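What follows is one structure encoded as C-alpha cells, with my remarks underneath.
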Amino acid sequence: MEYQTVRTTCTYCGTGCGVLLEVLDGEVVGTLPQKDHPINEGKLCIKGWSAHEFIYADGRLTKPLVRKGDKLEEASWDEALDFVAKRLLELKKKNGPDSLGCFSSAKCTNEENYLLQKIFRAVIGTNNVDHCARL
Amino acid sequence: MTNSVPEFEDADCILITGSNTTSSHPLIASRVMKAKEKGAKIIVIDPRKNHIASLADIHVKQNLGSDVAWINGLMHIILKEGWQNQTFIDERTEGFEDLKKAVEAYTPEKAEEISGIPKETLREIAELYAKSEKSSIIYCMGITQHITGTDNVKSLANLAMLTGQIGRPSTGVNPLRGQNNVQGSTDMAAIPNKYPGYQDVTNDEIREKFEKAWGGPLSPKVGLTVVEMINAIEEGKLKGLYILGENPMISDPDSTHVEKALDDVEFLVVQDIFLTETAKKADVVLPGASFAEKDGTYTGTDRRVQKIRKAIDPLGEAKPDWEILCLVGKALGGKGFDFQSPREVFDELAELTPIYHGIDYDRIEKEIIHWPCREKDDPGSPYLHKDGFARGKGLFTPIEYKPPAELPDDEYPYQLTTGRLPFHYHTGTMTRVSPSLTHEINEAYIELHPQDAKALGVKHGERVRVSSRRGAIEVKVLVTSGIKQGVAFIPFHFAEAAANRLTNSAALDPIAKIPEYKVCAIKIEKINGREG
Amino acid sequence: MDKLRNYVKELLESGEITGFLGLIDDGGHPIPHLFTKEHIDRLNDLVVPDFRYPMTDILLKIVRKYPESTIGVMVRGCDDRALIELAKNQKIMSDLIRPVGVACSKEMAESCRCSQPYPREIHYGEKVEGVQDRSDLEEVESMDLSGRLDYWMGQFSKCIKCYGCRNICSMCFCDQCTLEDETLVMTGQTPPEIPIFHLIRAFHMAGRCIDCGLCEEACPAHIPLRSLYRKVREDMANYLGYVTGKDEYEKDPLEFLGSEGYEVPSKIDET
Ligand code: SF4
Ligand code: SF4
Ligand code: SF4
C-alpha cells in the first residue's frame, strides 16, 4: 500500500497552476490543486483537474518506430537513433546545414527546448529553429 | 507579461482584448473576477460575447482586424481630454510628438467607422482606463494572430505608456501565452534569430560566447520560422525536419499546404507521446514522456520559472524527452550532451542566459521566481519596467491602421475567426483522450449569429459546409447572439474538422511572422439531405 | 508534534494500521502522503499546517482499493464529521479507520467560521470553541425574493464548470454524478446551465454536506457555495431535525433516496 502526491505544474495552459499528482501503488489516479500555490491557491480549471487522464490513454507511444516502406514499424532505440543520425548527417553533407531545421515545443520543458536548439545550432550548424506557438 | 498573475486582483480597471480568458487561462479569469468583486471595472473588447465578456462592465464587439483603429481612437480622446500622464511621458518616454501626430487623425468618428465601436463607448473606455489608479491590459492571440499583430501589440504599449499604466504593480501590458511553456520555449531560443535569453545570433560577441561554451563554430545567419520552413520544403531547400512535441498538421494555418510539405520533406523525425497526425508522416518516431514522467521546468506566462516533477516512470520503452535529445546529440557526434539530469541541463543554460542566471533548482524548490533574475541574491522580477525600459526610455511608435489581408467578398461573404474552448487544449492530442473533457464536448461546431443563420436557412444543430480559398470542412451549427453578425467562430481543437484547413497562412505579420488565424473570408453552405 | 509522531509511529509499528494518511513537508509545502512502516523515518516530516486538503476524499480512494485494511487518517473537526457520514452511507467501515484527531487553532476556526473545530477525539492541539456565524446567510436573507434570485444568478453566471466543488467534496461519492447527466445539464457550456447545475448540487448535499467549506475554497469563480449548502443544511435541521456529522447511528431522513444519487426519469424523446 503506497500513496503519495507529487507536487508539479499543470501541463495545459501558461497560467502554470500548482497541482499534485496522486500516485497510488505507482499509478497516477488523480490530480489535486496545490493549496499553498501562489497562483491558483487551491483552485483549478476542468483541464487541470483532469490533467492525469491522458497519461495512460490508448495510443501512447511506448516504442520507437521506423518507417519501412509505407509502414511505421517498431524498432529498438539503437536502430532508431542510428537511423536519425545517419540520415541527418547525410543530408547535411549533401545540402549544407541550412537544409535541416526543427520545430521545438511549447509543451516541452525549458531543458528540452534548450537541448534541441543546442543540437541544431551547435551540432548541425543552422539557426532553423522555431516553435509552433505563434499559433 | 509585464506583471505577475496575482497582481490582477488589485487592479482598478482591466482592459481585456482578444483573450477568451475563461477558456484559455481560467485561473487568470479567476483573478479578474476577484478584482471585479473588489470593485475593479472590467472592459472587454472582443467580437464574441465570451464568458468573461458576459461578466464585464463594458463589452463591445469590434470589427475583425480593426484594433489599431480603436486603440488610436482611445489615445486621440485621451489627448483631447488631457487624461495622459504627462510626468510619465516626459520622464520615461521618447517619440511622444510623433505619436500625437499619428493619432490626430483617429477622431472618435473615424475610430467608430473602422472598428464599429460607438464613439460614446470609446470615450467611456478611454476615461476608465486613463483615469483609474491602476489599469492593466490583458491580451492574447486575438491581438497577435493578425497581419498587424505587431502593430496591435505596439499600439497597446503606446496606450499604456501614454497613461503611465506600466511599471507599477497591477498595471502593464500582459500577453497571456497559450501553451504551458510558450514563454519558456521562447526564452530557450526556440526562435530562429536568438540564443537563449534573447541574445542575438547576429551579434559577434554573443556568438563567440556561445561558440566557446558549446565548443564549435556557429552560424551567424538568422534561421527560418515555421511557416518559412514549410515553404522552404516546397521550394526544395529544406530536406530534413525534426519536430518535437508539436502537431503542425492541426495547429498550423492552411493545413492542406502543411500536409503536402510533410509528405514532401525527405526526412522527418517526430518526437511525441502520441502517434499524432504529424507523427504518422514521420520516417522515425521517438516515444517521449508526459509531464508526469519527467523532471524539468516550465516558465509560466508571467515569466515564473517552476518545476515539474516525475511521478511515475515513462510508459514502456518511452524515455524522458531530455534524455532522448541527449542521445540524439551524441549520436550526431555532438559534444556537451553528457547530462545526467535536467538539473545539470538547467545549470548550463542558466550559466549562458543572463535573465535566468540567478535561478537554480534549489531556489525554485522553495521560492517563486520571475525572470529577469540575474544573480543568486536577486529575488527576481514580478513586474517589469519599474525603473525604466530595457532600452532606457520607452519609445512611442506611431502606427497606422491597415485592413486585414483577406476581406469578405461576393464569393466568400463571411469572416471567420478561430479560438479555444475551456474543455480542450491546442490540437487536442491530450484532451481528446481525457474522458472528463470529451464528455463536455468532442466535436467541432461553427458559431453563427441568428440573423446569419436565418439568411443561410440553417438551424441550430444542422450541418454546414464551410469553405475558404484554401479548403473546406463540415461542422454543426451553433446559433448564438453572442457573436457579431457577419462573423463566424470555429474552435480549432478538432482534427477531423480542422479550422486551420480554412485559415490563411499566406498572410503573415511582417515582423512577428505570425499568421492571420483570426481573420479570413469564408462561405457557408447548408448541407442538403437528411443527416443522421 | 513529537507526541503525535510517536503515536502514529506506534500505530504503524504495532501493525494496528497499515498506513497513515497525513501531510508531509515537501520543500516547505505540506502535501498529502500515506506513511507506512516501510518508510517510518518519513514521519519526521509529518506536519499539521494551517490549511486543509480533502483528507477523507483521498481516504476513500485508498479504501476502495484496500477495503480490508485498517488505515489511520489525520482528521480535523470537519474530516471527522465526514467520517461519520461516510460510515452511515457505507462508504467506509468505522472499525477499519483510526482517526487521529487534530483540534484547529482559534485563527483557523475563525477563518473557516467553523461551528465545531475539533474532532471526537483529540491527539494534537487544544480544543477551542466553535464559531457561530451566520452573517453570510443573514445578508442574503435580508434581500427580497427577486433580489435573492438576482444575487444567486449573478453568482452562478461566474461558474467556469471546473467541477472543483464536486471533486474536492468528501460527500460527493456517487459513482454516477448527476451533474454529468446530459439530460439535466447541457454539456460543453460555460457557465453551465444555471441555476440547474448549482441547484442539483445543492439538493444533493441535503443530508450530506458537513459544512467544511472546501468547495468554496476550491471555486475559481469565488461563488459563496458554502452559504448555499449551509442554508440547505439549516433547513434540514429546522424542518427534519437532522444534522449531518453528529451521530453515526442517527438515520438520514432522506436515506430512502439512495446513496447513488437520485433516479432521474430520462428525458422523453421529442421525436
Ligand atoms: S489548471 Fe487550468 S488554468 Fe491552471 S494551468 Fe492548468 S489549464 Fe491553466
Ligand atoms: S461544505 Fe462543500 S465540500 Fe464540504 S461537505 Fe459541504 S458541499 Fe462538500
Ligand atoms: S467550483 Fe465553482 S466554478 Fe467550479 S463548477 Fe463548482 S461552482 Fe462552478
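The table that follows gives values for the structure above.
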read-out	value
The one condition in (1) within 14 Å of the chain's Cα centre (by Cα); (2) free of Cβ contacts under 8 Å to residues at least 40 places away in the same chain that C:V75 fails to fulfil	(2)
Residues located in region A:25-39, provided they are in contact with a Gly (Cβ under 9 Å, 6 or more places away or on another chain) and either open to solvent by 10 Å² or more (accessible area, probe 1.4 Å) or in the same structural domain as A:A106 (by TED's automatic domain parsing) (or both)	A:K35, A:D36, A:H37, A:P38
Tabulated pairs, region A:36-59, first in contact (Cβ under 8 Å) with a residue 40 or more places away in the chain, second within 16 Å of ligand 2 (Cβ to nearest atom), C-beta under 8 angstrom, 6+ apart or interchain	none
Count - residues of region B:391-423 that are crowded, with 18+ Cβ neighbours inside 10 Å and more than 14 Å from chain C (Cβ to nearest Cβ)	14
Pick from region B:289-304, criterion at the interface with chain A (Cβ under 7 Å from one of its Cβ atoms) and of a type in the set (G, A, S), ranking: surrounded by the most Cβ atoms within 10 Å (Cβ to Cβ)	B:G296
The lone exception for A:D70 - which of (1) within 16 Å of ligand 3 (Cβ to nearest atom); (2) modelled with pLDDT under 95 it fails	(1)
Pair list, Cβ under 6 Å, 6 or more apart: region C:215-226 residue under 18 Å from C:Y53 (Cβ atoms), other residue small (G, A, S) and more than 16 Å from ligand 1 (Cβ to nearest atom)	C:R226/C:G213
Condition check for C:Q132: more than 15 Å from ligand 2 (Cβ to nearest atom), assigned to a loop (DSSP other than H, G, I, E, B), of a type in the set (S, T, N, Q) and touching a residue at least 12 places away in the same chain (Cβ under 8 Å)	yes
Selected residue [facing another protein chain (nearest Cβ under 7 Å) and closer than 13 Å to C:Y53 by Cα] from A:G42, A:G14, A:G26	A:G42
Looking only at region C:21-69, and only at residues there that are within 11 Å of chain A (Cβ to nearest Cβ) and polar (S, T, N, Q), the one that is nearest to the chain's Cα centre (by Cα)	C:S69
Among (1) surrounded by 24 or more Cβ atoms within 10 Å (Cβ to Cβ); (2) assigned to a loop (DSSP other than H, G, I, E, B) - the single one B:N174 does not satisfy	(2)
Pair list, Cβ < 7 Å and 6+ apart or interchain, from region B:305-319 residues that are facing chain A (nearest Cβ under 7 Å) to residues that are in a loop (DSSP other than H, G, I, E, B) and of a type in the set (V, I, T)	B:I308/A:T109; B:L315/A:T62; B:G316/A:T62; B:E317/A:T62; B:A318/A:T62
Residue count, region C:152-171 (criterion: more than 9 Å from ligand 3 (Cβ to nearest atom) and either of a type in the set (S, T, N, Q) or without any contact (Cβ under 8 Å) to a residue 12 or more places away in the chain (or both))	3
Scan of region B:492-508 for residues that are in contact with a Gly (Cβ under 6 Å, 6 or more places away or on another chain) and either modelled with pLDDT under 85 or within 19 Å of B:S24 (Cβ to Cβ) (or both), ordered by number	B:H493
Scope region C:97-110; condition open to solvent by less than 90 Å² (accessible area, probe 1.4 Å) and either assigned to a helix (DSSP H, G or I) or β-branched (V, I, T) (or both); matching residues	C:I97, C:V100, C:V102, C:M108, C:A109
Any hit, region A:74-87, residues being within 16 Å of ligand 3 (Cβ to nearest atom) and part of a helix (DSSP H, G or I)	no
Residues that are assigned to a loop (DSSP other than H, G, I, E, B) and without any contact (Cβ under 8 Å) to a residue 12 or more places away in the chain, drawn from region B:388-423	B:A390, B:R391, B:D410
Unmet criterion (only one of (1) away from ligand 3 (no atom under 14 Å from the Cβ); (2) more than 14 Å from chain B (Cβ to nearest Cβ)) for C:L199	(1)
Region B:177-213 - residue that is among the hydrophobic types (A, V, I, L, M, F, W, C) and either open to solvent by 20 Å² or more (accessible area, probe 1.4 Å) or under 13 Å from A:D130 (Cα atoms) (or both) and, of those, farthest from the other protein chains (Cβ to nearest Cβ)	B:I206
So B:L286, is it out of contact with any Leu (no Cβ under 7 Å at 6 or more places or on another chain), open to solvent by 10 Å² or more (accessible area, probe 1.4 Å) and aliphatic (A, V, I, L, M)	no
Residue in region C:63-75 that is at positive phi and either surrounded by fewer than 23 Cβ atoms within 10 Å (Cβ to Cβ) or part of a loop (DSSP other than H, G, I, E, B) (or both) present	no
Residue tally, condition near ligand 2 (Cβ under 9 Å from one of its atoms), open to solvent by less than 10 Å² (accessible area, probe 1.4 Å) and out of contact with any helix residue (DSSP H, G or I) (no Cβ under 7 Å at 6 or more places or on another chain), over region C:182-235	1
Residues located in region A:109-130, provided they are within 13 Å of the chain's Cα centre (by Cα) and open to solvent by 10 Å² or more (accessible area, probe 1.4 Å)	none
Residues being more than 10 Å from every other protein chain (Cβ to nearest Cβ) and within 16 Å of ligand 1 (Cβ to nearest atom) - total across region C:211-226	0
Residue that is nearest to ligand 3 (Cβ to nearest atom) [pool: residues in region B:11-44 that are open to solvent by 20 Å² or more (accessible area, probe 1.4 Å) and either within 14 Å of chain A (Cβ to nearest Cβ) or in a loop (DSSP other than H, G, I, E, B) (or both)]	B:K34
Subset of region B:320-332 [open to solvent by 10 Å² or more (accessible area, probe 1.4 Å), more than 7 Å from every other protein chain (Cβ to nearest Cβ) and farther than 30 Å from A:P38 by Cβ]	B:E323, B:K330
Lone qualifier among C:K127, C:K158 - being open to solvent by 20 Å² or more (accessible area, probe 1.4 Å), modelled with pLDDT of 90 or more and within 16 Å of ligand 1 (Cβ to nearest atom)	C:K158
Qualifying position, being within 16 Å of ligand 2 (Cβ to nearest atom) and open to solvent by less than 10 Å² (accessible area, probe 1.4 Å), among A:G16, A:G42	A:G42
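The values are calculated or read from the model by the stated rules, or taken from the named source; none is laboratory data. Every value quoted in this text rests on a predicted model; they were computed, and no experiment measured them. Don't worry about glycine lacking a Cβ; one is built from the backbone with ideal geometry, like all the others, and counts go over all protein chains shown. Each accessible area value is taken on the protein alone, full model and side chains, heavy atoms only, with ligands, DNA and RNA left out. Shrake-Rupley method; radii C 1.70, N 1.55, O 1.52, S 1.80 Å.
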